[in-house]
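First comes the structure, then the notes that go with it.
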Amino acid sequence: MEINVHHMELSCVNGPGLRLTLWVQGCALNCKGCFNPGTHAGEAKTLMPIDELAQKINALGVVGVTLSGGEPLDQAPALEQLIHAVNGEKNWILYTGYTPKEIFQNEAMIRVVKAVDLTLAGRYRQNAKHPYQYKQIIKTSERVDVDFFRTRRVVEFVVSNSGVTKTGLPVYI
Ligand code: SF4
């Protein structure tokens, strides 16, 4: 099985500690004002075999992985396999546009939410003071400090051969 990946970067602003943030490709939710429209198309961007990606993650000196997008739960079976293929020392954060009600009606999505440590769930709202103001939190462990999302508003700029990308929580308040 493969995961359709938009891109990934090391980051300190998409969860506590140095993390790999994995932006998946593909999202049909079409939230108004979405800040990442380049991830919507469902066509293959970079198809990564799960075992290969798990080996890369295991070799990184990161505390965890953040799943973002695009819509990670549209690739729920592949993500579930990835999480179980990575060593148990890494913690996992999931950003999803699906609401808890939608998630809990779908067995594949439920398995991913149970496998990660923290999920921030719900549609992006354009009028929010910051992108996660209206997200609902689902916790399955104490391994991720929830206060990170209440107290930190930091933006990171990543410069690469393909240009400059911005990620994190800008200050709107
Ligand atoms: S779920 Fe995320 S990627 Fe998808 S449209 Fe909404 S904000 Fe954009």
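Computed from the coordinates by the stated procedures, all read-outs in this text should not be read as laboratory data. Computed from a predicted structure; not experimentally measured. Here Cβ is always computed from backbone atoms with ideal geometry, including for glycine, and neighbour counts include all displayed protein chains.
Brief remarks on what is shown
- A Stokes-Einstein calculation at 37 °C with viscosity 0.692 mPa s, built on the Kirkwood radius of the chain over Cα pairs, returns a diffusion coefficient of 203 µm²/s.
- Hits among aspartates and glutamates - C-alpha to C-alpha of Lys90 under 15 Å, sequence gap 8 or more where chains match: Glu80, Asp117, Glu142, Asp145
- At most 11 other Cβ within 10 Å, DSSP loop - GluC sites (Glu not before Pro), region 36-134: Glu43, Glu89
- Lys114 paired with Asn127, simple spin-label distance in nm, labels 7 Å along Cα-to-beta-carbon: 3.8 nm
- Qualifying lysines (Cα of each under 24 Å from Cα of Lys45; at least 8 residues distant if same chain): Lys32, Lys56, Lys166
- For peptides 63-74, 118-129, 136-147, sequence by mean Cβ density within 10 Å, most packed first: 63-74, 118-129, 136-147
- CD proxy at 222 nm, helix term only [per DSSP H run n ≥ 4: -39500 (n - 2.57); per residue of the chain; nearest 500]: -5500 deg cm²/dmol
- Share antiparallel - DSSP beta bridges, the chain, percent rounded to 5: 60 percent
- Overall, region 2-168 carries a charge dipole of about 740 debye about its Cα centre when +1 sits on the Cβ of Lys and Arg and -1 on the Cβ of Asp and Glu, all other atoms neutral.
- Unit charges at the beta carbon, dipole of the chain: most positive-side option, Ile50, Leu67, Gly33: Gly33
- For region 8-103, the list of trypsin sites (Lys or Arg not before Pro) that fall in a loop by DSSP and count at most 12 other C-beta atoms within 10 angstrom reads Lys32.
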